[in-house]
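The values are calculated or read from the model by the stated rules, or taken from the named source; none is laboratory data. For clarity, every value in this text was computed on a predicted model and none was experimentally measured. All Cβ positions, glycine included, derive from the backbone under ideal geometry; neighbour counts span all protein chains shown. Ligands, DNA and RNA are excluded from the accessible area calculation, which covers all protein heavy atoms including side chains. Shrake-Rupley method; radii C 1.70, N 1.55, O 1.52, S 1.80 Å.
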Amino acid sequence: MAEQAQYEELVRQFSAFGAVKREMGRILPSDCPSGSAAVLTLLSRHGDMRMSKLAELLAVDMSVTSRHVAHVAERGWIERSPDPADKRSRILHLTPAGEERVREMSRLTTELLAERLSDWTDEEVAQLTGLMTRLRASFDDCRSAHRPPAPPDPPEHSPRTPAITQ
């Protein structure tokens with residue numbers, strides 16, 4: 001196990017990493033802020049899903065997810081369709097315009113990384129990728145271990161129970 005000083009240095013590096021994230025965010029198209037980009041990227045990577053699943057993957061509250069989804073839907077990058085299993089919910093999926101937006105963002109970020117890491121060897125880039133993947137997995141493990149139990153299924157829709165749409 002690492003020593004306390006190593007963890008303290010890691011915390012300092014995480015703080016400094018914010019500058020890297022901000023620069024990557026600056027290259028995104030002006031009409032696609034980072035939250036919207038995350039929605040599009042997750043839908044591209046994981047396919048169609050309910051908003052509740054998207055909120056879980058984003059690790060943010062449903063109200064935040066709803067704002068991001070509204071933003072990308074207004075631009076025609078996603079569609080919301082009724083969930084065949086539960087008509088009160090919606091399934092989110094990318095439109096062709098959304099798929100194009102994802103390709104554009106991927107190209108921009110890949111070009112930036114290639115430029116900034118041009119003096120890195122392929123092995124160093126692979127090592128960084130592997131370590132970041134492992135770090136993310138460690139936090140995913142912790143998040144799932146401390147996740148509260150899922151809420152009970154909502155009651156059946158009746159005239160007195162308003163339908164919930166996602």
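Some notes on this structure:
- Matching residues, segment 82-93, being farther than 14 Å from MET51 by Cβ and touching a residue at least 24 places away in the same chain (Cβ under 8 Å): LYS87
This table checks each residue for (1) touching an Asp or Glu at 6+ places or on another chain (Cβ under 8 Å); (2) open to solvent by less than 60 Å² (accessible area, probe 1.4 Å); (3) not hydrophobic (A, V, I, L, M, F, W, C).
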| residue | (1), (2), (3) |
| --- | --- |
| MET62 | no, no, no |
| HIS68 | no, yes, yes |
| PRO84 | no, no, yes |
| LEU92 | yes, yes, no |
| MET105 | no, yes, no |
| GLU123 | no, no, yes |
| THR129 | no, no, yes |
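- Of the listed requirements (1) over 25 Å from GLU111 (Cα atoms); (2) under 18 Å from the mean Cα position of the chain (by Cα), VAL20 misses just one: (1).
- Criterion: open to solvent by 50 Å² or more (accessible area, probe 1.4 Å), outside any helix (DSSP H, G or I) and modelled with pLDDT of 90 or more - qualifying residue of GLU56, GLU79, GLU99: GLU79
- Any hit, segment 9-32, residues being part of a helix (DSSP H, G or I), surrounded by 15 or more Cβ atoms within 10 Å (Cβ to Cβ) and among the basic types (Lys, Arg): no
- Selection within segment 33-43: residues that are of a type outside the set (A, V, I, L, M) and open to solvent by less than 60 Å² (accessible area, probe 1.4 Å). The member of this set that is farthest from VAL69 (Cα to Cα) is THR41.
- Tabulated pairs, segment 96-119, first within 11 Å of ILE27 (Cα to Cα), second part of a helix (DSSP H, G or I), C-beta under 8 angstrom, 6+ apart or interchain: MET105/ALA37; MET105/LEU40; MET105/THR41; THR109/MET24; LEU112/GLU23; LEU112/MET24
- Where ARG103 falls short, out of the listed (1) within 14 Å of the chain's Cα centre (by Cα); (2) closer than 27 Å to ALA137 by Cβ: (1)
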